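Colleague: The structure follows.
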Amino acid sequence: MKDSSDFDVVVIGAGAAGLSATSELLKKSKSVTCIEATNKIGGRCYTDNSIYDLPCDLGAHWLHSLSSNQIAEYGKQHKEDFEIYKIEEKFLVYDGKMQADGNDLFAIIDKLKILKERFSNPELNKNFIDVPFSELIPNAIKQHEWYHTAHQAIGACLEGVDFNNFTTADAYLNFKHNGHGDGFVKEGYGTLLAHYRKNLPVNLNTIANEINWSGPNLKIETNQGTIKAKACIVTASTGVLNSDLINFKPLLPLEKYEAFAGISLGSYNHIVLQFKEDFYKHFNIQKDEYFFSKINSLSSFPKGCFGTLKLHNSNLSYFDVGGNFALELEQEGEKASIDFVLNTLRSSFGNTIDKYLIKAHATLWGKNKFFGGSYSSAQPGKAHLRNSLKSSVAEKIFFAGEAISSNYATVHGADLSGKDTALKVIEVLKL
Ligand SMILES: Cc1cc2nc3c(=O)[nH]c(=O)nc-3n(C[C@H](O)[C@H](O)[C@H](O)COP(=O)(O)OP(=O)(O)OC[C@H]3O[C@@H](n4cnc5c(N)ncnc54)[C@H](O)[C@@H]3O)c2cc1C
């Protein structure tokens, strides 16, 4: 990259939001360059094909809001390349030892969902409340024997934070319900995103270290040289913005740093196990079957995993951990994460599972400095700060990405946010 490069806009990051912003600016014939710190595009939506010789989504893999998800729609239009299907939910519930009918678990899940919806939806609740969700849950629910399992399934593994770090005010203020149903794409969500944004020019291995906005134009210092531009669109996660990876010179207004810290990244990881086909036959496991194992943890947060077995009818099974427990396992490392899942499976299926195991891998998103966690969640009392996160600085520094989007923590939301911010830049700068 030449030191003297002059662009109208520099897009920082080539995840869903950065690719979308770059695409929109190029479509409108604007002068733009996109830089990406890692050696690949996709960010938190990336499909690996090397670990198992099969597509394996290391980040996003549910196509949320399937009925209105524009990336899924693109995939459906490319039938020759992608097999997209709506998930038909099937459940396998274990009480820690024996298979259970799951009725008690789903009754608690339903109660928690109703409670969440009541406080998240301005049409159902006129009083805005921004407190830890755990404070809104009646003791009768908390004391139920399946509560920890339900907490893990629709708390830690959905929001990346436990109920004591989660506020329904985030949805109340910031998110829209649009679209329904969840889908999968057999080739991997990352593969689909890369196809959707194919042929976009991206400068890989280019890390923005400093954004100097003191002069009439921006100077962005990278490990590959200086880039000058009228504006930049920052799509790095709030985990990155809350670290010292990107230095703003002069400092940004205080409210921006409060927002980076208050809309922090949660923890959520996939532990993927590859089993011999006989494992699935022996235990009569069906395609995409959801697996729950009762959590009896006495800890203040749930210590367990939620599984999707025989994903896409392949021999891979995903096990997800979230919240404080994911953070704890992440600190201990990949082996500890895999061992935890194997022990959970042994208690349900018996020690015979070991003979079926081929390979295992665990993601550690929080340990990667270019992400710093899974996806954003407003800390209790901080839901209003998403507005500060969205605001631009001096008509030069603009922000986009999942944390800015009104579609909670999703790839298609990040994609929409990239486009919206690109259009805003064009309008504000009269490009
Ligand atoms: C484990 C996991 C599971 C998930 N599951 C789902 C799911 O099932 N469905 C769903 O819709 N969503 C899911 N999500 C969320 C989804 O992946 C994200 O919301 C979305 O991909 C975020 O896109 P983004 O462009 O905002 O950010 P990112 O993907 O983080 O892109 C930002 C890019 O900026 C780069 N960058 C950072 N710092 C710098 C720098 N200094 N210089 C240059 N580049 C930099 C990063 O390398 C990254 O590529 C999941 C996320 C995780 C982690």
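The values are calculated or read from the model by the stated rules, or taken from the named source; none is laboratory data. Computed from a prediction, not measured in an experiment: that's the story for all the values here. Positions of Cβ are generated from backbone atoms using ideal geometry, with glycine treated the same way; all protein chains shown enter the neighbour counts. Just so you know, the surface numbers come from the protein's heavy atoms only, side chains and all, with ligands and any DNA or RNA stripped out. Shrake-Rupley method; radii C 1.70, N 1.55, O 1.52, S 1.80 Å.
Colleague: Given Cα pairs under 8 Å that are at least 6 residues apart, what percent is the relative contact order of region 331-431?
Modeller: Relative contact order for region 331-431 comes out at 15 percent.
Colleague: Follow-up question, since we're still on this one. Lys pairs in region 318-431, Cα-Cα under 30 Å, at least 8 apart or on separate chains: how many?
Modeller: Lysine pairs meeting the criterion: 25.
Colleague: Oh, and also: With a 1.4 Å probe and every protein chain kept in, tell me what percent of the accessible surface of region 352-431 is carbon plus sulfur.
Modeller: Within region 352-431, the accessible surface is 53 percent carbon and sulfur.
Colleague: Charges at C-beta only: +1 for Lys and Arg, -1 for Asp and Glu. How large is the resulting dipole of region 158-262 about its Cα centre, in Debye rounded to 20?
Modeller: Here region 158-262 has a charge dipole of around 640 debye.
Colleague: Let me ask something else. Under 1.5 on a/c is rounded, so check that first for region 341-431, then, if it is not, pick prolate when a/b is larger than b/c and oblate when it is not; a ≥ b ≥ c are the square roots of the alpha carbon gyration tensor eigenvalues.
Modeller: prolate
Colleague: Please give the per residue accessible area of region 48-98, computed with a probe of 1.4 Å over protein heavy atoms only, in Å².
Modeller: 53
Colleague: How much of Asp81 can a 1.4 Å solvent probe reach, expressed as accessible area in Å² and rounded to 10?
Modeller: 70
Colleague: Keeping all protein chains in the complex and leaving out DNA, RNA and ligands, what accessible area do you get for His78 with a 1.4 Å probe, in Å² to the nearest 10?
Modeller: My reading of the accessible area for His78 is about 40 Å².
Colleague: What value does region 96-235 have for Rg/Rh, both radii from Cα atoms and Rh as Kirkwood defines it?
Modeller: Answer for region 96-235: 1.14.
Colleague: Ranked highest first by the average count of other Cβ atoms within 10 Å around their residues, in what order do 397-406, 170-179, 415-424 fall?
Modeller: The most tightly packed comes first, giving 397-406, 415-424, 170-179.
Colleague: Now, a different point. Ignoring everything but the protein chains, give the 1.4 Å probe accessible area of Cys157 in square angstrom, nearest 10.
Modeller: Ignoring ligands and nucleic acids, Cys157 comes out at about 10 Å².
Colleague: With N denoting the number of residues in region 160-310, provide Rg(C-alpha) divided by 2.2 N^0.38 Å, to two decimal places.
Modeller: 1.47
Colleague: Determine the relative contact order of region 223-380: mean sequence separation of Cα pairs under 8 Å and six or more apart, normalised by residue count, in whole percent.
Modeller: Worked out over region 223-380, it gives 33 percent.
Colleague: Could you please state, rounded to a whole Å, how far the C-alpha centre of region 375-431 is from the C-alpha centre of region 283-306?
Modeller: Each part's Cα centre sits 34 Å from the other's.
Colleague: Expressed in whole Å with the largest first, what are the equivalent ellipsoid semi-axes of region 231-313 derived from the C-alpha gyration tensor as the square root of 5 times each eigenvalue?
Modeller: 42, 18, 9
Colleague: Starting from the Cα coordinates of region 86-170, work out the convex hull volume and express it per residue in Å³.
Modeller: With only Cα atoms used, region 86-170 gives 120 Å³ per residue.
Colleague: Roughly what % antiparallel, to the nearest 5, for the DSSP beta bridges in the chain?
Modeller: If I count the DSSP bridges inside the chain, around 65 percent turn out antiparallel.
Colleague: Same structure again: So what's the chain giving for Cα Rg divided by 2.2 N^0.38 Å, two decimals?
Modeller: This ratio for the chain stands at 0.99.
Colleague: How long, wide and thick is region 32-139, going by the Cα atoms along their three principal axes, in whole angstroms, largest first?
Modeller: 50, 45, 30
Colleague: Ignoring everything except DSSP H segments at least 4 long, calculate the 222 nm mean residue ellipticity for the chain; use -39,500 (n - 2.57) per segment, divide by total residues, nearest 500.
Modeller: Helix contribution divided over all residues of the chain: -8500 deg cm²/dmol.
Colleague: In whole percent, and with a 1.4 Å probe on the protein chains, what portion of the accessible area of region 10-127 is carbon and sulfur?
Modeller: 49
Colleague: Can I ask one more? Could you state the per residue volume, in Å³, of the convex hull enclosing the Cα atoms of region 1-62?
Modeller: It is 105 Å³ per residue.
Colleague: When the accessible area of region 191-332 is split by element with a 1.4 Å probe, what percent falls to carbon and sulfur?
Modeller: For region 191-332, the apolar C and S fraction of the accessible surface comes to 48 percent.
Colleague: What is the percent of Cα-Cα separations in region 170-234 that go past 17 Å?
Modeller: Tail fraction, whole percent: 67.
Colleague: Let me ask something else about it. Return one whole number: the accessible area per residue of region 293-431 in Å², for a 1.4 Å probe.
Modeller: 38
Colleague: Now for a different question. Dividing the convex hull volume of the Cα atoms of region 293-386 by its residue count, what figure in Å³ per residue is obtained?
Modeller: Expressed per residue, the convex hull around the Cα atoms of region 293-386 is 146 Å³.
Colleague: Let me ask something else about it. How big is the dipole moment of the chain about its Cα centre under a simple scheme where the beta carbon of each Lys and Arg is +1, that of each Asp and Glu is -1, and everything else is neutral? Debye, nearest 20, please.
Modeller: Rounded to the nearest 20 debye, it is 760 debye.
Colleague: If you average the sequence gap of Cα pairs under 8 Å that are 6 or more apart and divide by the length of the chain, what percent do you get for the contact order?
Modeller: 25
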